[in-house]
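Following: one structure in structure tokens, then a few remarks.
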Amino acid sequence: MAYEISLAGKTAVITGSNSGIGLGIAWELARAGAHVVLNSFTDAEEDHALAQQVADEAGVTARYIQADMSKGDQCRRLIEEAGRCDILVNNAGIQHVAAIPEFPVEKWDAIIAINMSSAFHTTAIALPMMRSAGWGRVINIASAHGLTASPYKAAYIAAKHGVVGLTKTTALETAKEPITANAICPGYVLTPIVEKQIPDTMKEYDMSREEVIENVMLTRQPSKEFATVEQMGGTATFLCSDAAAQITGTTISVDGGWTAL
Ligand code: NAD
């Protein structure tokens with residue numbers, strides 16, 4: 001194989017990684033040999049146990065650092081405390097659904113802070129570390145909603161479009177260096193949060209599990225299949241490979257054809 005993917009000796013910091021896509025990416029990067037730093041805003045025993053499990057099973061160093069991505073100073077502290085950041089995955093995100101006139105201001109502020117501004121703060125601290133190390137990868141988890149819109153998700157869509165813009169600027173500012181910046185744009189991914197919505201929606205619409213998935217959740221995903229957290233991890237790992245060294249400033253859709261429609 002011309003391009004092997006080994007991330008041995010690299011350190012990856014993944015924001016919002018005690019569940020879902022962030023955790024899936026952490027596992028895949030660790031399996032490729034990277035030391036990983038997990039993060040969320042909680043500081044529970046399970047959070048630290050999760051890091052220990054990744055360390056034990058993947059044979060790498062894994063740590064959990066508590067930091068609230070809604071606060072700029074804590075975003076910056078996360079990277080400082082990690083001490084090294086060769087691979088930065090900006091993944092933390094929340095959602096709220098409401099029409100614009102009724103959209104709660106505090107939800108708007110929180111979504112813009114967690115889903116977009118956190119990536120600016122972490123990148124600001126991580127780039128000098130990548131420059132000292134002579135190599136770096138910034139991977140921002142945007143969304144199909146970073147490229148298209150839907151009603152009632154104003155803050156999420158504004159933030160995800162913003163993340164795509166930040167990704168392009170990061171790529172241009174690092175273009176002549178061995179550092180790349182890209183955004184992964186997932187469609188619907190079967191994470192615990194999505195799984196939990198299925199039984200309620202089945203009751204609400206008197207539908208089977210299959211009908212809810214196909215006719216309610218995956219209406220805009222032509223493959224009619226969820227993407228998986230492992231696929232997100234695999235895409236992130238590929239972006240860290242030498243084969244991806246000239247891929248920068250772009251978006252990679254992992255959305256079963258959503259954005260082709
Ligand atoms: P999730 O709820 O399982 O994961 C979100 C993560 O962010 C969790 O680990 C949570 O603890 C963390 N988080 C939330 N608020 C935080 C804060 N203030 N500080 C630190 N961490 C915080 O959901 P997910 O589906 O895995 O989403 C992960 C990312 O993927 C998000 O940015 C989301 O927008 C994006 N995404 C998800 C889907 C999907 O279908 N699941 C699709 C497109 C994009």
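The values are calculated or read from the model by the stated rules, or taken from the named source; none is laboratory data. All values reported here derive from a predicted model rather than from experimental measurement. Glycine gets a Cβ as well: all are built from the backbone with ideal geometry, and neighbour counts include every protein chain shown. The protein model used for the area step is the full one, side chains on, heavy atoms only, and it has no ligands, DNA or RNA in it. Shrake-Rupley method; radii C 1.70, N 1.55, O 1.52, S 1.80 Å.
Within the same chain, lysines fewer than 8 places from LYS107 are excluded, and of the rest, those with a Cα less than 17 Å from its Cα are LYS71, LYS153, LYS160. Phi angles of the range 244-251 translate, via the Karplus equation with coefficients 6.51, -1.76, 1.60 and θ = phi - 60°, into HN-Hα couplings of 9, 4, 9, 8, 8, x, 10, 10 Hz per residue; Gly and Pro are given as x.
Per residue, the range 55-152 exposes 44 Å² of accessible surface when a 1.4 Å probe is rolled over the protein heavy atoms with every protein chain present. Annotation for the range 146-221: chymotrypsin sites (Phe, Trp or Tyr not before Pro) lying in DSSP loop with at most 15 further Cβ atoms inside 10 Å of their Cβ are TYR152.
Counting other Cβ atoms within 10 Å, which trypsin sites (Lys or Arg not before Pro) in the range 83-176 have at most 12 and lie in a DSSP loop?
Qualifying residues, ordered by number: LYS176.
Need the C-alpha centroid separation for the range 115-134 versus the range 184-219, integer Å. Cα centroid to Cα centroid, the span is 35 Å.
The alpha-carbon atoms of the chain define a convex hull whose volume equals 137 cubic angstrom per residue. Here the Gaussian network model covers the chain, with springs between Cα atoms less than 10 Å apart; of ALA142, ALA183, ALA58, ALA58 fluctuates the most. The alpha carbon convex hull volume per residue for the range 158-248 rounds to 114 Å³. For the chain, carbon and sulfur atoms together expose 54% of the accessible surface, with a 1.4 angstrom probe and every protein chain in place. With both labels modelled 7 Å from their Cα along Cα-to-Cβ, the GLU195 to PHE41 distance reads 2.4 nm.
What you get for the chain, charging only the Cβ of Lys and Arg (+1) and of Asp and Glu (-1), is a dipole of about 820 debye around the Cα centre.
Remark: accessible surface ordering of SER70, SER132, SER143 (largest first) is SER132, SER70, SER143, probe radius 1.4 Å. Over all other residues within a Cβ to Cβ distance under 11 Å of SER132, the charged ones net out to +1, with Lys and Arg as +1 and Asp and Glu as -1.
Rounded to the nearest 20, the size of the Cβ-charge dipole of the range 74-160 about its Cα centre is 240 debye, with Lys and Arg at +1 and Asp and Glu at -1. The modelled label-to-label distance for the pair ASN215/ILE247, using points 7 Å beyond Cα in the direction of Cβ, is 3.7 nm.
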